[in-house]
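As structure tokens, the structure follows; a few thoughts come after it.
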Amino acid sequence: MRILVVEDDENLNRQLVTALTDAGYVVDSASDGEEGHFLGDTEPYDAVVLDIGLPQMDGISVLEAWRREGRAMPVLLLTARDRWSDKVQGIDAGADDYVAKPFHMEEVLARLRALVRRAAGHASNEITAGPVRLDVKAGRVTVDGQAIKLTSHEFRLLSYLMLHKGKVISRTELTEHLYDQDFDRDSNTIEVFVGRLRKKLPDDLIQTIRGLGYQIIAD
Ligand code: CA
């Protein structure tokens, strides 16, 4: 899952990037509204953490511009404490949720997990496909009740495919959502990861759709 952080407070920006990276997300960050707007408009993110008070373009304007341009990714707003007017404005502008500063990092992580999950149409942290059960929150995967060990790359890949179960996901989409901008975007790398992941999972769980990408079909 790829997340964009837009926050001008350097310390807070760094803390968010570190916490999200540790939680297994791929993270890009921006420190002003214009750069944030540009990234959100040109790169595919699974969610955005957006501060309201930003230089050059404030968070509400960034959000309004994205929604006008048809960008529908879930947005978690960071608002000043007790500024209820910020919250109302934010929700009106198309925010999906907000957290008031100062916040506990755990709350941001929990809200983001819920946003990403809901955006993909799942009501709980557990997603199943046949004998495979993936717990997004715990970062755990079981097959027929037995835990299996995955690397963080493999877990991200499987999470993405399971969150979008039933949809054909192209190699390009996987590359864009699973790696940051600096990644060498060679689609063979994805094939290698899918190959390794398949060895740990039931046969045929991840189907190759020739010329299009990959798909998990099982209920
Ligand atoms: Ca700020």
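Results, tabulated for the structure shown:
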{"read-out": "Filter pass, ALA138 being among the small types (Gly, Ala, Ser), open to solvent by 80 Å² or more (accessible area, probe 1.4 Å) and outside any helix (DSSP H, G or I)", "value": "no"}
{"read-out": "VAL17, sole failed condition from (1) touching a Ser or Thr at 6+ places or on another chain (Cβ under 9 Å); (2) in contact (Cβ under 8 Å) with a residue 40 or more places away in the chain; (3) closer than 22 Å to PHE155 by Cβ", "value": "(2)"}
{"read-out": "Inter-residue pairs, beta-carbon under 6 Å, first over 16 Å from SER29 (Cα atoms) and in the same structural domain as ASP41 (by TED's automatic domain parsing) and in segment 51-68, second away from the ligand (no atom under 14 Å from the Cβ) and not hydroxyl-bearing (Ser, Thr, Tyr), 6+ apart", "value": "ILE60/GLN89; ILE60/ALA93; GLU64/ALA93; ALA65/HIS37; TRP66/GLY40; ARG67/GLY94"}
{"read-out": "Residue count, segment 83-97 (criterion: assigned to a loop (DSSP other than H, G, I, E, B) and either on the phi > 0 side of the Ramachandran plot or crowded, with 19+ Cβ neighbours inside 10 Å (or both))", "value": "3"}
{"read-out": "Evaluation of ALA114 against (1) assigned by TED's automatic domain parsing to the domain that holds ILE206; (2) within 15 Å of the chain's Cα centre (by Cα) (one fails), failing number", "value": "(1)"}
{"read-out": "Every residue from segment 160-213 that is aliphatic (A, V, I, L, M), farther than 30 Å from ALA30 by Cα and modelled with pLDDT of 90 or more", "value": "VAL168, VAL194, LEU197, LEU201, LEU205, ILE206, ILE209, LEU212"}
{"read-out": "Members of segment 3-21 that are open to solvent by 10 Å² or more (accessible area, probe 1.4 Å) and either more than 10 Å from the ligand (Cβ to nearest atom) or in a strand (DSSP E or B) (or both)", "value": "GLU10, ASN11, ARG14, GLN15, VAL17, THR18, ALA19, THR21"}
{"read-out": "Given (1) modelled with pLDDT under 95; (2) open to solvent by less than 10 Å² (accessible area, probe 1.4 Å), index of the condition TRP66 fails", "value": "(1)"}
{"read-out": "Output for segment 111-121, where each listed residue is of a type outside the set (Val, Ile, Thr) and surrounded by 14 or more Cβ atoms within 10 Å (Cβ to Cβ)", "value": "ARG111, LEU112, ARG113, ALA114, LEU115, ARG117, ALA119, ALA120"}
{"read-out": "In segment 26-37, the residues that are more than 10 Å from the ligand (Cβ to nearest atom) and either under 21 Å from LEU109 (Cα atoms) or β-branched (Val, Ile, Thr) (or both)", "value": "VAL26, VAL27, ASP28, SER29, ALA30, GLY36"}
{"read-out": "Residues satisfying the stated conditions in segment 38-60, i.e. out of contact with any Leu (no Cβ under 7 Å at 6 or more places or on another chain), assigned to a helix (DSSP H, G or I) and either more than 15 Å from the ligand (Cβ to nearest atom) or open to solvent by 40 Å² or more (accessible area, probe 1.4 Å) (or both)", "value": "PHE38, ASP41, THR42"}
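Rundown of residues vs (1) of a type in the set (Asp, Glu); (2) open to solvent by less than 50 Å² (accessible area, probe 1.4 Å), yes/no style:
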position	(1), (2)
VAL99	no, yes
HIS104	no, no
ALA123	no, no
THR128	no, yes
ARG133	no, no
VAL143	no, yes
LYS149	no, no
GLU154	yes, yes
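The values are calculated or read from the model by the stated rules, or taken from the named source; none is laboratory data. What you are looking at is a predicted structure, and each value in this text was computed from that prediction instead of being measured. All Cβ positions, even for glycine, are placed from backbone atoms using ideal geometry, and neighbour counts span all protein chains on display. Note: areas computed on protein heavy atoms with side chains; ligands, DNA, RNA excluded. Shrake-Rupley method; radii C 1.70, N 1.55, O 1.52, S 1.80 Å.
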